[in-house]
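Just below is one structure, and these are the notes that go with it.
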Amino acid sequence: MTLTVRVISPDKTVWDSEADEVILPSTTGQLGVLSGHAPMLTALDIGVMRVRANKSAGWQAIALLGGFAEVDQDEVTILVNSAERGDKINLEEARTAFNTAQSGLNQVSADDRKAQFQANQAFKRARARFQAAGGSV
């Protein structure tokens with residue numbers, strides 16, 4: 001049996017296909033979903049979702065920028081603020097953005113909580129895009 005997986009952002013459907021397995025970046029850690037999974041609803045963190053369409057094909061990476069996932073009767077519906085398929089991301093641009101975000105995170109004052117939060121979110125977004133594009137951190 002397979003899963004029907006849909007990744008939907010406000011402006012487009014990023015993924016809508018059958019899959020054998022999905023790994024989601026939930027707020028409590030990585031979460032694997034196979035067919036027959038119990039119904040659930042979970043919050044998603046900024047990170048990389050991995051989808052294996054079939055055993056002979058490799059894993060597809062999708063950068064997710066926060067949202068929710070619902071699993072019910074072999075259907076996985078993922079509603080996100082934004083998402084981008086890894087094969088559509090330019091690796092060198094993602095690497096540059098990641099390095100810039102990492103530098104920005106290191107330069108934020110420890111006293112400025114708002115700036116720390118914003119820099120951390122920018123870092124997580126850049127890291128997710130870089131990893132989805134095939135970069136390693």
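Before moving on, here are some points about what is shown:
- Two-site FRET efficiency, Glu93 against Asn120, from Cβ-Cβ distance with R₀ of 22 Å, rounded to 0.05: 0.55
- Per residue, the chain exposes 56 Å² of solvent-accessible protein surface, assessed with a 1.4 angstrom probe and all protein chains in place.
- Residue-count net charge about Thr4 - beta-carbon cut-off 10 Å; Lys, Arg +1, Asp, Glu -1: -3
- Around Leu41: net Lys/Arg minus Asp/Glu count, Cβ-Cβ under 11 Å: -2
- Å³ per residue enclosed by the Cα convex hull of the range 47-137: 103
- Set of aspartates and glutamates near Lys55 by C-alpha distance (under 20 Å), chain-local residues within fewer than 8 positions excluded: Asp16, Glu18, Asp20, Glu21, Asp74, Glu75, Asp87
- Accessible surface of the chain, 1.4 Å probe, proportion on carbon and sulfur as whole %: 47
- Considering helices alone, the calculated mean residue ellipticity of the chain at 222 nm is -9000 deg cm²/dmol, with DSSP H runs of length four and up weighted by -39500 (n - 2.57) and normalised per residue.
- Take the Cα radius of gyration of the range 1-102 and divide it by 2.2 N^0.38 Å, N being the number of residues; the result is 1.06.
- Estimated distance in nm for a label pair at Arg113 and Ala43, the labels positioned 7 Å out from Cα along Cα-to-Cβ: 1.7
The values are calculated or read from the model by the stated rules, or taken from the named source; none is laboratory data. If you're wondering where the values come from, they're calculated on a predicted model, not measured in any experiment. Note: ideal-geometry Cβ built from the backbone for every residue, glycine included; neighbour counts use all protein chains shown. Please note that ligands, DNA and RNA were not included when accessible areas were found on the heavy atoms of the full protein model with its side chains. Shrake-Rupley method; radii C 1.70, N 1.55, O 1.52, S 1.80 Å.
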